[in-house]
Amino acid sequence: MTTLVSAAASVPASFGEAARSSHDTVQPWGVYGSVVMALWCAFFLLSPVYLMSSGYPQLADLAIVVLVPTLLVQTGLRIPRKAFPIVNAMSLFVLYAVMVDLVWTVLLSDIALVLPPCFFVFNFAACIVFLSLYGCYGRRFLHWTAAAVCASMLIQVVVSFRVTGTGPTRVTGFFNNPNQLGYYAILYGSLFWFWVEAVRLPRALAGWGPLCIYGSTAYLAVQSLSRAAVAAAALLLVLAGVRNKLVLLAGVLAVCVLAVAATQWGRVEDLQARFEKKSRDIEDEAANRGYDRLLNQPQYLLLGAGEGEPSRFQSQHFGEVHSSLGTVLFCYGAVGLVLFLHIFFVMAKGCGVSSLLYLLPAAFYGMTHMGLRQSELWILPMMVVCLKWPESQRAVSKYEGVCSTSARRNGSVHEVVG
């Protein structure tokens, strides 16, 4: 852990950082930089700690709440120019989602429907914070982010040992349910996967770093006994291994160690029992996840039914749709789905279609679970854009014009190249 943090702090040339443009205005670290970085790292370290019921703000969210006004007052929003297109695309989806939910709030006279769009607004703010910090501190910020991600995962591995691992016990860690632990492992494993491919690790980390983190991803997924998480973790290891032989070796070693340990703890039998108990035909499985309401109430498929108050829907499953894309389609309609997919179209257009691979494990998990509220899901494509979008490609968009005008007026928003 000490090696990881010291490497992130020093950011040596071996990280393969490209030469930055002469117009780049990366700020020196200083006391202010140390404070905001500590808050940002605290977000990842505290993200697994759930003190409130699911669906409500958690302790880690306070870090973003503090960072937003701090950045506005101290440095403004230093959004990289190349990130304007994806920010613009995400803002369109968020605005539409908020509008749909507000309309249904008025129609149903239920103030509780205001809460779901707040998650989209918050996650949008988290992305702006991420991009602004990258604009201020460049790749040093990304290395500290990766260090926080790794530290958070290793802490969760240690925490999971407080459960004996015998019997059908599903590990939750500090989450409210085991599915959240499994999804956390997929998202943090994906963040690490992209980071380790986008930069060149120093020798101190190149060997044991991937082994520890990919091993932790598989371990936490198995401990959660979430079928979707285990399958998504396997997909992540395969994709990462195909693109990097060292990662493939680390993944094989991690799986071998995990298989031996799981056999000793009886987790193989537990996982097998979960798969057998939950095995259904495709139609029953889809209905149990809430997909049946797409057929039962097609009148919502154009503009959306809004989130919240699931009792108004005809479905075999009581509750929200257990699917990220299914939720977008049913709650925000075809219009919302197009705006949502447009975010990733912009990413693929600017960074290449292969950049979508980093989102596949989370998307695979999202086929059977609602994962749109997790901030890390939205931060991942922002990180991809920061490192994969060609430096020479100018992002021309309405959002850029707004930011440029604002910057000229009060200096609160800055353009950063690179």
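The values are calculated or read from the model by the stated rules, or taken from the named source; none is laboratory data. Bear in mind the structure is a predicted one, so any value in this text is a computation, not a measurement. Here the Cβ is made from the backbone with ideal geometry for all residues, glycine too, and neighbour counts use every protein chain on show.
Before moving on, here are some points about what is shown:
- Qualifying position, being closer than 26 Å to Gly306 by Cβ, modelled with pLDDT of 95 or more and within 17 Å of the chain's Cα centre (by Cα), among Val328, Val338, Val384, Val346: Val328
- Residue list for region 74-93, filter: farther than 19 Å from Phe141 by Cβ and either polar (S, T, N, Q) or free of Cβ contacts under 8 Å to residues at least 12 places away in the same chain (or both): Asn88, Ser91
- If you check Val106, Val114 for being free of Cβ contacts under 8 Å to residues at least 60 places away in the same chain, under 23 Å from Tyr332 (Cβ atoms) and touching an Asp or Glu at 6+ places or on another chain (Cβ under 8 Å), only one passes: Val114.
- Region 42-62: number of residues that are touching a Leu at 6+ places or on another chain (Cβ under 6 Å) and more than 19 Å from Phe120 (Cβ to Cβ): 4
- Taking the numbered list (1) of a type outside the set (A, V, I, L, M, F, W, C); (2) within 18 Å of Ala147 (Cβ to Cβ); (3) at pLDDT 85 or above; (4) buried (at least 24 other Cβ atoms within 10 Å of the Cβ) in turn, Pro210 passes all entries but (3).
- If you go through region 269-315 and keep only what is within 15 Å of Thr327 (Cβ to Cβ), modelled with pLDDT under 90 and not in a helix (DSSP H, G or I), you end up with Arg289, Gly290, Tyr291, Asp292, Gly308, Glu309, Phe313, Ser315.
- Residues that are modelled with pLDDT under 95 and aliphatic (A, V, I, L, M), drawn from region 134-152: Leu142, Ala146, Ala147
- Residue in region 46-58 that is buried (at least 21 other Cβ atoms within 10 Å of the Cβ), in a helix (DSSP H, G or I) and hydrophobic (A, V, I, L, M, F, W, C) present: no
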